[in-house]
1. By its C-alpha gyration tensor, with a ≥ b ≥ c as the square roots of the eigenvalues, how is the stretch 1-48 shaped: rounded for a/c under 1.5, else prolate for a/b larger than b/c, else oblate?
2. With a/c under 1.5 counting as rounded, go ahead and sort the stretch 1-123 into rounded, prolate or oblate using the C-alpha gyration tensor (a ≥ b ≥ c being the square roots of the eigenvalues; past the cut-off, prolate if a/b is larger than b/c, else oblate).
3. Longest segment of the chain with no GluC sites (Glu not before Pro) in a DSSP loop having at most 14 other Cβ atoms within 10 Å?
4. Cα extents of the stretch 101-182 along the three principal axes, largest first, in whole Å?
5. At 222 nm, what value in deg cm²/dmol follows for the chain if DSSP H runs of at least 4 each add -39500 (n - 2.57) and the sum is divided by all its residues, to the nearest 500?
6. Just how much of S108 is accessible, in Å², when a 1.4 Å probe is used and the result is rounded to the nearest 10?
7. Cα-based Rg (one decimal) and Dmax (whole number) for the stretch 135-182, in Å?
8. Work out from phi, with θ = phi - 60° and the Karplus expression 6.51 cos²θ - 1.76 cosθ + 1.60, the ³J(HN,Hα) of each residue of the stretch 63-74, listed in order in whole Hz, and give x for Gly and Pro.
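The values are calculated or read from the model by the stated rules, or taken from the named source; none is laboratory data. Small disclaimer: the values here were computed from a predicted structure and weren't measured. Note that we place each Cβ from the backbone using ideal geometry, even for glycine, and neighbour counts take in every protein chain shown. To get the accessible areas, we keep the full protein, side chains included, count just its heavy atoms, and leave off ligands, DNA and RNA. Shrake-Rupley method; radii C 1.70, N 1.55, O 1.52, S 1.80 Å.
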Amino acid sequence: MYFLHPPEDAEDARRSVAKLNELGIATDLLEGEQLAAALAGFDLDGVAVAAFERAAGYADPHATTNGLFAKAVELGAVPFLGRTVVGIEQPGVPATVELVLDDGERVSCRQVLIAAGPWTKPLAAMVAVDLALSVERHVVASFRWAGVEPVPAHGDTVSGYYLRPEGEDLFLVGSLLPEPEV
């Protein structure tokens, strides 16, 4: 994936590329003729440098969550689908937490992982943890290549969008800029 940056980001991009390579994430810094050759046909007006992460990928959030959930159940987690947690209590027994469900049922456990999307903040508040979270809406559109030569995945910080292939026939485009808070 290419990450395109304006001149004012160039030094930060150089430092990031160096750090990524130190961490074993193969990333190249492209500029000038090398950048123009790599992204022939791109409008590079305002783009000074690009970081090219050779092995970048994308994990679909929905499919990833489903895969992790299925593995957790396979390893012994007990699912409570379609239920609402209305309380999280620590009854005083060491290393025990009780979840209070919407019908009054109590589920005892040693650990709780809250990964509830927009419901994470109110759930964490039940155990006096105030998380600085906000919900953002990101509009994403999907298109067919429709005979057009596919282009590589890239995030254009100058123009404020990203594009990535979705399978062989589609690509997704989304904004890198924050939308109004929901």
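1. oblate
2. prolate
3. Longest run free of exposed loop sites: 1-104.
4. The Cα atoms of the stretch 101-182 stretch 57, 27, 21 Å along the principal axes, largest first.
5. Roughly -6500 deg cm²/dmol at 222 nm, from the helical runs in the chain.
6. Here the accessible area works out near 80 Å².
7. 12.0, 37
8. In residue order, the calculated couplings are 5, 5, 4, 4, x, 5, 4, 4, 5, 4, 5, 4 Hz.
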